[in-house]
Every structure is written in structure tokens, then in C-alpha cells.
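Enquirer: I am attaching a structure below and will ask some questions about it afterwards.
Please treat every number below as a calculation from the coordinates, not as lab data. Quantities reported herein were computed from a predicted structural model and do not represent experimental measurements. Glycine also receives a Cβ, built like all others from the backbone with ideal geometry; neighbour counts cover every protein chain displayed.
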Amino acid sequence: MRKTIVFALFAVILLSINLKADDIKTAVIKSSVWCEHCDATVHKGLKKLPAIKEVKVDLDKKEITVKYDAGKTSLEKVRTAISKLGYDADDIPADRAAYRKLPNCCKNPEDRK
């Protein structure tokens, strides 16, 4: 009887781990990242969100790859978070107030002073 209960608990834990892993999604988001400072800002800002599992910034392709828990957040919320950091996120433009606060190296060349 005791072995059966232990086995049942183990099976439930294993099943819940597998179900949780199925909620992890990966998104590749086109963005307006330019430099290493942009990379650091995006990493720092997104890692504050508990649903974000991994962030990779490709400056050459101007893409941010994000692994996130779809059970805790949506792709739209991830894009909005990037926008609030001052960067474009696919079709969501950068938040203007956040963009103005970025250092010149992170701004579009035509906006640099």
C-alpha cells in the first residue's frame, strides 16, 4: 500500500513537470536593438518578469528571442514589455517616453544627437 501511494505521488509530480514544460514557448521578435547597451537593457528588463525563462539578442539580425511561460504571460505582453523598455517589438512601436531616456547609442541614427 505504501509503495502504491509513493508511486502515485511520483507519477503526479512527473506529470505536472511535463505539463509545465509544455507551456514554454519561444518567440523571435523583430526589434530596434543597436548595440551591447541595448542587449543589456533588454536582458535586464525582461529577466525581471517571472514568466521569462531565456532572452537572446541578435544585434546583427535585430531580433530578440524569448522563451516564456505561456501559462503565465502572452506573446503580446512580452512585446509590450519590450516596447516599455524603449524598443520596437514587431508591430508595437517603442514607448516614446522610454525611447527618449535611452542613451544615444541605442537610438535610431537619425535621432542621435
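Enquirer: Could you tell me which of the residues D91, D58 is in contact with a Ser or Thr (Cβ under 8 Å, 6 or more places away or on another chain), closer than 22 Å to N108 by Cβ and of a type outside the set (A, V, I, L, M, F, W, C)?
Expert: Working: D91 fails: in contact with a Ser or Thr (Cβ under 8 Å, 6 or more places away or on another chain).
Every option except D58 fails the conditions.
Enquirer: A further question on this structure: Answer with yes or no whether T73 is hydroxyl-bearing (S, T, Y), out of contact with any helix residue (DSSP H, G or I) (no Cβ under 9 Å at 6 or more places or on another chain) and within 16 Å of L49 (Cα to Cα). Walk me through it before giving the result.
Expert: Details: hydroxyl-bearing (S, T, Y): yes; out of contact with any helix residue (DSSP H, G or I) (no Cβ under 9 Å at 6 or more places or on another chain): no; within 16 Å of L49 (Cα to Cα): yes.
For T73, the condition - hydroxyl-bearing (S, T, Y), out of contact with any helix residue (DSSP H, G or I) (no Cβ under 9 Å at 6 or more places or on another chain) and within 16 Å of L49 (Cα to Cα) - is not met.
Enquirer: Within segment 26-113, considering only helices (runs of 4 or more DSSP H) that don't extend past its boundaries, which have at least 1 residues that are crowded, with 19+ Cβ neighbours inside 10 Å and in contact (Cβ under 8 Å) with a residue 24 or more places away in the chain? Lay out the reasoning, then the answer.
Expert: Details: elements: 36-47, 75-84, 96-101.
Here the list reads 36-47, 75-84.
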